[in-house]
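Let me begin by handing over the structure; questions about it come next.
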Amino acid sequence: MAEGCMMALRYGMVFFNLLFWLGGCGILGVGVWLSVTQGNFATLSSSLPSLSAANLLIAVGTIIMVIGCLGCVGAVKESRPILLTFFILLLLIFFLEILSIMLFFIYQDEIDEYAQRDLKKGLQLFGTEGNVGLTNAWMIVQTDFRCCGVTNHTDWFEVYNATRVPDSCCLEYSDNCGLDNPGTWWTAPCYERVKDWLNENLVALWIFALCTALTQILGLVFSMTMFCQAVKVETFYA
């Protein structure tokens, strides 16, 4: 009976970690695709130039693949060290996620202030040599969210030292339209537009977060149960 339960648990964990590993492959693939197709599409942040969507996806996908692989190998071989390593890594990630969420809500105002200040610094790099990624990122954000600047379209006046904005701020895009009448520009702040979009999709974000947490908890339960069973079996035959 115990052997049958152990076998079912092993197959369950292998299946779970196979899905986990495949998910990591998918995330890594999207990250590589973005990196190849979008070129130097980087972050809007001036202080964290390597924190691009592509790099984040590649890093997250790689971590998930490694953890999923550890879980599969540990389940198949019923290896206590590997199962324990898998459990510790997954638990560490789980706690880091909870800590990050708590810190975000506690220091939300400070994070907002820092983010806006950092984004405004990034505007100074717009269109400059070696900052193609940041330039493309701002053009896409302003076009897709129909906004201009971080907190106001006048943020660009300090960048150009003139009453003008990038062409991506125009209601109807055309070359040098950012030099024309201000009445043809988007005036909504991009920072608030993005925050509003996140709030509108808050339910979907929470569902995704809860599903992720549930998946991690299942992984922790499976691995620790298998670890305990392996200890019992080894003790019994010792």
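The values are calculated or read from the model by the stated rules, or taken from the named source; none is laboratory data. Predicted, not measured: the structure shown is a model, and the values here were computed from it. Using ideal geometry, Cβ is built from the backbone for each residue, glycine included, and neighbour counts are taken over all protein chains shown.
Go through region 118-130 and report how many residues are touching a helix residue (DSSP H, G or I) at 6+ places or on another chain (Cβ under 9 Å) and in contact (Cβ under 8 Å) with a residue 60 or more places away in the chain.
Start the filter on region 118-130 by keeping residues that are touching a helix residue (DSSP H, G or I) at 6+ places or on another chain (Cβ under 9 Å), which leaves 119-120, 122-128.
Narrowing further to those that are in contact (Cβ under 8 Å) with a residue 60 or more places away in the chain: 119, 122, 124-125.
Adding up the residues that qualify gives 4.
So how many residues does region 131-146 have that are crowded, with 22+ Cβ neighbours inside 10 Å and closer than 16 Å to TRP197 by Cα?
Just the residues of region 131-146 that are crowded, with 22+ Cβ neighbours inside 10 Å, to begin with: 134, 137-138, 142.
Still in the list and also closer than 16 Å to TRP197 by Cα: 142.
Of the residues in region 131-146, 1 are crowded, with 22+ Cβ neighbours inside 10 Å and closer than 16 Å to TRP197 by Cα.
Quick check, is THR151 touching a helix residue (DSSP H, G or I) at 6+ places or on another chain (Cβ under 9 Å), within 30 Å of ALA188 (Cβ to Cβ) and in contact (Cβ under 8 Å) with a residue 12 or more places away in the chain?
Working: touching a helix residue (DSSP H, G or I) at 6+ places or on another chain (Cβ under 9 Å): yes; within 30 Å of ALA188 (Cβ to Cβ): yes; in contact (Cβ under 8 Å) with a residue 12 or more places away in the chain: yes.
Here the answer is yes, as THR151 does meet what is asked.
Right, another one. So PHE41 clears everything in (1) among the aromatic types (Phe, Trp, Tyr); (2) more than 29 Å from ARG80 (Cβ to Cβ); (3) surrounded by 15 or more Cβ atoms within 10 Å (Cβ to Cβ); (4) modelled with pLDDT of 65 or more except one condition, right? Which one?
PHE41 satisfies every listed condition except (4).
Something else now. Do any residues in region 106-117 that are farther than 11 Å from TYR191 by Cα have Cβ atoms under 8 Å from those of residues that are not basic (Lys, Arg), where the two are at least six apart or on different chains, and which pairs are they?
Sorted first by the residue in region 106-117, then by its partner, the pairs are ILE111/PHE104.
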